[in-house]
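Reading through the structure tokens given below for one structure.
The values are calculated or read from the model by the stated rules, or taken from the named source; none is laboratory data. Predicted model, so just to flag it, every value in this text is computed and none were measured. Cβ placement follows ideal geometry from the backbone for every residue including glycine, while neighbour counts extend to all protein chains displayed. Accessible surface areas use protein heavy atoms only, side chains included; no ligands, DNA or RNA. Shrake-Rupley method; radii C 1.70, N 1.55, O 1.52, S 1.80 Å.
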Amino acid sequence: MVLEVVMEALPAFGEAWALILQPVVLGYLVLGVLMGLCIGVFPGLGGIAGLSLLLPFMFGMDPILGLALMIGMVAVVPTSDTFASVLMGIPGSSASQATVLDGFPMAQKGKAARALSAAFASSLFGGLVGASFLTVFILVARPIVLEFRTPELLMITIFGLSMVGILAGRVAIKGIVAAGLGMLIGTIGEGASSGDLRMSSYDFPYLVDGLKLVIVGLGVFAIPEIIALLRNDRAISQEPQIGGGWIEGVKDWFANIWLSMRCSIIGVIVGVIPGLGGSVVDWIAYGHTVQSSKDKSNFGTGDVRGVIGPESSNNAKEGGGLVPTLLFGIPGSGSMAIFIGAIALLGSGQIEVGPAMLKNNLDITYAIVWLLALANVVGTLLCIAASGGIAKLTTIRFVLLAPFLFMIISFAAFQSGQNLMDLVALFAIGFLGVLMRRFDWSRPAFLIGFVLSNPAETYANQAIQIAQSRFRKGFGDGMDYIFSPIVLVLLAITLVSVVLGLRQAKHILAEGDSKSGSKRAPMVFLLALTAFIGYALFDAGSIPDYSRDRVFPMLVASVSLLGCVVMIVRMILAPETDTIFADSERSAEVEQARYSLWSTLAWFAALLVATALFGFIIALGLFLFSFMRIRANLSPLFAAIYTLAGIAFICTMAWALNRDFPPGLLQAYSNLPWPFT
């Protein structure tokens, strides 16, 4: 049977290679790779923005050329986004958030090039593993994926949440509450079942649609790192040299090749499950990396294994994500959703993803697979070649980079709404991230909770509805539905993950080696979180009893509130030296910082206020010039040149992506031309 399937596919193999090896196709692939590298370097843009940029050019394009261009971009973004994660401590995209935990500390120690090259080698390996698995999955994956019903998808989601146990830090209950807080923020807006509002109002429409992942991800990770580096007023790297070149990182990867293999397989498996993909795969891989390591003391402070694991998985998941995309027309991620839309525009519309593609266009299907592999090779070689030069960015005074980075982050944040509230949300989540970083609350746990809140609620509601129907038919039918063999296996894996994670929590530093401080500040922060969670519980309880939209937030809020009460009691009884009172403001590095936390935050708050008054572009010009003159001590001429360069860059980006900038009060009274309105 297997031999028959392979023999039937052999002609398509040859036709696929004939398509790929055309010089013009390879040229379009390289062009896509170069565009993907450029997109990935800028924090927060990622594959969705890149593919959106390509959409207008897909109309009527030769199918194989359009596919080469798109696959080149899709394959390389998870590689090139490593630059921002390692060099700046800012996740280049949702798929590179876990890389920040150890990659950025390596850059601070002068090992930026080593971290980058280890990441690129891992990305190449993961991409090739993903393409190899995709080759086989095209033939055999359909029955496997079809076995995943709602209970199995729910268990996969719960397994993702179990990683919180590993990422929680020395006080495990902090991680549980942080994840609960993220899930509650993820439920803001209209409920999926009945459309009831949670913590929002039609009188304030911005929150009705909920908060976007790009805003929460950049806010909770990027803003705190920018603020922390700005306070010290020095380069990202504390060492005068960037460390060894790419060869040391490649050796690191080879020494951990079995870890890379395991995490690549994790990436493929998670990528196959629609909707989980890029936002959580790196956290699952990072959790496995920590779990499977004998010496866990260096994780979070610059352990190269913390780079190799996530980077192997996030490239491999692209191959896995193409399985449901190509086989069933089900997008495995946001970028795959755009990919499906773009395929429909190619040529005369003769390509249709799903079973019809495997039947009528098997050669193009395999061309996509092997273009993915080639794009990973080309992109990785280019990144490794450039890593030494780009790593030198870490030796530049961060005060010269920070405004530019914040400008790009702000642009990424208002991609969806293009209004002032996007910036308000970015600043609010950023402020929360700053405080979580200060008091040693796990930001990864928070982000995992946010990412998985929607699938967890959706799968839970669907599973309950279907299970109720099955139980009406018979008790056996209901039990068979809930406890399928796949569910039982996933349940066992999840329980093992939780037990191991809680046992290892004392070895993990959620936010670095924070010293214990006074009781007051950590207690005030905990009480503020408790008040928010209490309000979320009250708000969910006010939803009518017949609505399913109240069940999930009430459950999450109840568990989180219980965790908060336990911590409050512990804080009352414990001495100030207890780890629950961790406060990074007490560390020697922060105490020696040149600027205070509040004066640094005031700069970004001023940009927000100026945007509300004058619109983003005018406010950005005032912000850049003032910052360069006062904080960076540049001359008026250089400050003006920097400001003009920044404005020109952001306007070019907005023009290319057909975006407007958030207006202010000034635009309501004046008819200004673009980009001022």
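Observations
- Test: residue in the range 174-186 that is under 16 Å from residue 495 (Cβ atoms), modelled with pLDDT under 80 and part of a helix (DSSP H, G or I): no
- Residues in the range 559-580 that are out of contact with any Gly (no Cβ under 9 Å at 6 or more places or on another chain) and either closer than 26 Å to residue 459 by Cβ or open to solvent by less than 40 Å² (accessible area, probe 1.4 Å) (or both): 562, 567, 568, 571, 574, 578, 580.
- Members of the range 538-562 that are small (Gly, Ala, Ser) and touching a strand residue (DSSP E or B) at 6+ places or on another chain (Cβ under 9 Å): 540
- Across the range 619-648, the number of residues qualifying as within 13 Å of residue 406 (Cα to Cα) and open to solvent by 40 Å² or more (accessible area, probe 1.4 Å) comes to 0.
- Tabulated pairs, the range 340-351, first within 9 Å of residue 63 (Cα to Cα), second modelled with pLDDT of 75 or more and open to solvent by 50 Å² or more (accessible area, probe 1.4 Å), C-beta under 7 angstrom, 6+ apart or interchain: 347/62
- Any hit, the range 475-482, residues being farther than 30 Å from residue 101 by Cβ, outside any helix (DSSP H, G or I), without any contact (Cβ under 8 Å) to a residue 60 or more places away in the chain and open to solvent by 10 Å² or more (accessible area, probe 1.4 Å): no
- All positions within the range 437-470 that are in contact with an Asp or Glu (Cβ under 7 Å, 6 or more places away or on another chain) and farther than 28 Å from residue 100 by Cβ: 470
- Matching residues, the range 549-559, being modelled with pLDDT of 90 or more and not hydrophobic (A, V, I, L, M, F, W, C): 558
- Long-range neighbours under 7 Å by Cβ, at least six apart or interchain, first residue modelled with pLDDT under 65 within the range 573-594, second assigned to a helix (DSSP H, G or I): 590/584
- Check on residue 616, modelled with pLDDT of 85 or more, under 22 Å from residue 229 (Cα atoms), touching a Pro at 6+ places or on another chain (Cβ under 8 Å) and open to solvent by less than 30 Å² (accessible area, probe 1.4 Å): no
- If the condition is being over 24 Å from the mean Cα position of the chain (by Cα), at pLDDT 75 or above and buried (at least 17 other Cβ atoms within 10 Å of the Cβ), then the range 491-522 contributes 519, 522.
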